[in-house]
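Report on the structure given below.
The values are calculated or read from the model by the stated rules, or taken from the named source; none is laboratory data. Being a predicted model, the structure only gives us computed values, none of them experimental. No Cβ is skipped: glycine too gets one built from the backbone with ideal geometry, and neighbour counts run over all protein chains shown.
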Amino acid sequence: MKKTDKIWPAIARYLDNSGTADDEKLINVWLEAGKENRQTLEAVKKIWASAALNKKERMKQFLPEEDWKRVSSEIRKIEEARKKERIRRFSMIRKRQRYVSNFLKVAALVIVAFTSGYLTLQYAPQSDEQAYVPVLNEISTGAGEKASIQLGDGTEVELSAETELSFPESFRNNSREVTLSGQAFFDVIPDKNRPFIINTQNGVIRVLGTSFDVRSYRDENIVDVMVTEGVVEISHKEVPQNKLIINRGYKGSISLSDNSLSVEWVDDHEQYTGWVDGRLIFKEQQLSKVFRQIERWYDVDITVAEGSSDLLKKQFSANLKTRSVNEVMSVIEVAMDVSYTIQEDQIKVYKKGRNAPE
């Protein structure tokens with residue numbers, strides 16, 4: 001909110017030809033943040049121009065009480081928490097009889113900034129797509145953490161470790177769109193008029209109402225979507241015309257290296273969704289991937305001793321209930337014929353029979 005508080009006075013000075021170099025820099029950064037900001041500025045310019053009538057004409061057209069009621073009403077709808085502050089500030093201006101065109105300009109800027117396009121549509125007609133400026137929230141988890149959240153439409157989301165989810169305070173009338181980095185399980189409320197869209201690193205997942213797991217970590221070169229209920233459509237952002245429909249029991253994948261899409265039947269989907277119930281499930285996975293998952297799950301660092309790196313290619317299978325990291329490593333030690341040491345959050349793995357590394 002602090003950036004928003006600074007941008008509107010800067011725009012006012014810019015339009016009044018009294019801006020500074022800092023104002024210009026701030027406005028350029030704001031414009032680069034998204035096309036919605038550029039559209040808003042164009043609308044503000046038109047509103048500003050409409051306020052450039054001579055003062056006598058403006059005073060004839062300006063009805064202070066009626067215009068103030070309209071301004072305060074629109075502000076109250078969008079940001080109730082800041083209502084009293086603005087009312088106090090603008091009330092002081094009215095008491096001092098500062099009913100000049102600058103008042104109209106500032107009021108117009110405030111309305112454009114904090115309403116859903118009321119004056120923007122009036123002075124500079126735009127489509128619903130252009131006028132929509134979402135206010136985004138973000139929830140994130142660190143290593144060793146999980147979180148649950150219910151979105152505004154009732155959709156429930158379980159977040160795994162090292163995951164970020166951003167979503168608007170309120171969804172649009174024709175779609176529900178979020179952005180995910182990491183792994184999460186979605187139980188989407190059905191709404192045939194508003195598809196649920198998940199944006200990942202170069203992947204797009206589109207659903208109407210279903211349950212599925214999405215894995216899209218930044219350090220992995222693939223996006224996996226495991227569907228447990230309903231139907232999901234996946235596509236690549238750079239090749240949106242290529243799409244795949246993923247039905248219940250199937251896993252869809254989006255390759256980030258060659259933009260390819262694939263689908264395969266999964267006999268036991270719990271290897272992808274078991275984490276929701278507190279289980280670590282591995283099925284013929286290389287130890288390199290197993291260790292990375294343990295690092296996320298328990299917030300530890302695992303290193304392999306020099307001369308033991310070939311261990312990372314070994315494949316490991318297990319279905320482990322929530323246990324301590326020491327218990328998990330003990331299972332790996334027995335199953336994979338390796339040894340390890342733990343000191344606080346540092347784990348070192350080496351071939352059995354060798355002396356523990358220093």
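For this structure, a couple of remarks:
- Residue selected from the stretch 289-334 under the condition among the small types (Gly, Ala, Ser) and surrounded by fewer than 19 Cβ atoms within 10 Å (Cβ to Cβ), by the criterion nearest to GLU145 (Cα to Cα): SER324
- Residue ID - surrounded by the fewest Cβ atoms within 10 Å (Cβ to Cβ), chosen from residues in the stretch 232-241 that are touching a residue at least 24 places away in the same chain (Cβ under 8 Å) and part of a strand (DSSP E or B): PRO240
- Residue that is farthest from GLU233 (Cα to Cα) [pool: residues in the stretch 260-287 that are of a type in the set (S, T, N, Q) and exposed (fewer than 15 other Cβ atoms within 10 Å of the Cβ)]: SER260
- Among the residues of the stretch 292-309, the ones that are of a type in the set (S, T, N, Q), modelled with pLDDT of 90 or more and in a helix (DSSP H, G or I) come to 1 in all.
- Residue within the stretch 255-276 that is in contact with a Phe, Trp or Tyr (Cβ under 7 Å, 6 or more places away or on another chain), closer than 15 Å to PHE185 by Cα and assigned to a strand (DSSP E or B) present: no
- Residue check for ILE198: at pLDDT 90 or above and either polar (S, T, N, Q) or buried (at least 21 other Cβ atoms within 10 Å of the Cβ) (or both): yes
- Any hit, the stretch 242-252, residues being surrounded by 12 or more Cβ atoms within 10 Å (Cβ to Cβ), among the polar types (S, T, N, Q), touching a residue at least 24 places away in the same chain (Cβ under 8 Å) and in contact with a strand residue (DSSP E or B) (Cβ under 7 Å, 6 or more places away or on another chain): no
- Test result for VAL227, more than 20 Å from ASP277 (Cα to Cα), of a type outside the set (Lys, Arg) and buried (at least 21 other Cβ atoms within 10 Å of the Cβ): no
- When restricted to residues that are among the polar types (S, T, N, Q) and closer than 14 Å to LYS45 by Cα, the stretch 4-32 contains 1.
- Residue in the stretch 244-252 that is within 23 Å of LEU136 (Cβ to Cβ) and either in contact with a helix residue (DSSP H, G or I) (Cβ under 6 Å, 6 or more places away or on another chain) or assigned to a loop (DSSP other than H, G, I, E, B) (or both) present: no
- Condition check for LEU320: outside the structural domain of THR228 (by TED's automatic domain parsing) and either in contact with a Cys (Cβ under 7 Å, 6 or more places away or on another chain) or outside any helix (DSSP H, G or I) (or both): yes
- If you go through the stretch 175-231 and keep only what is in a strand (DSSP E or B) and out of contact with any Asp or Glu (no Cβ under 9 Å at 6 or more places or on another chain), you end up with GLU177, VAL178, GLY203, ILE222, VAL223, VAL231.
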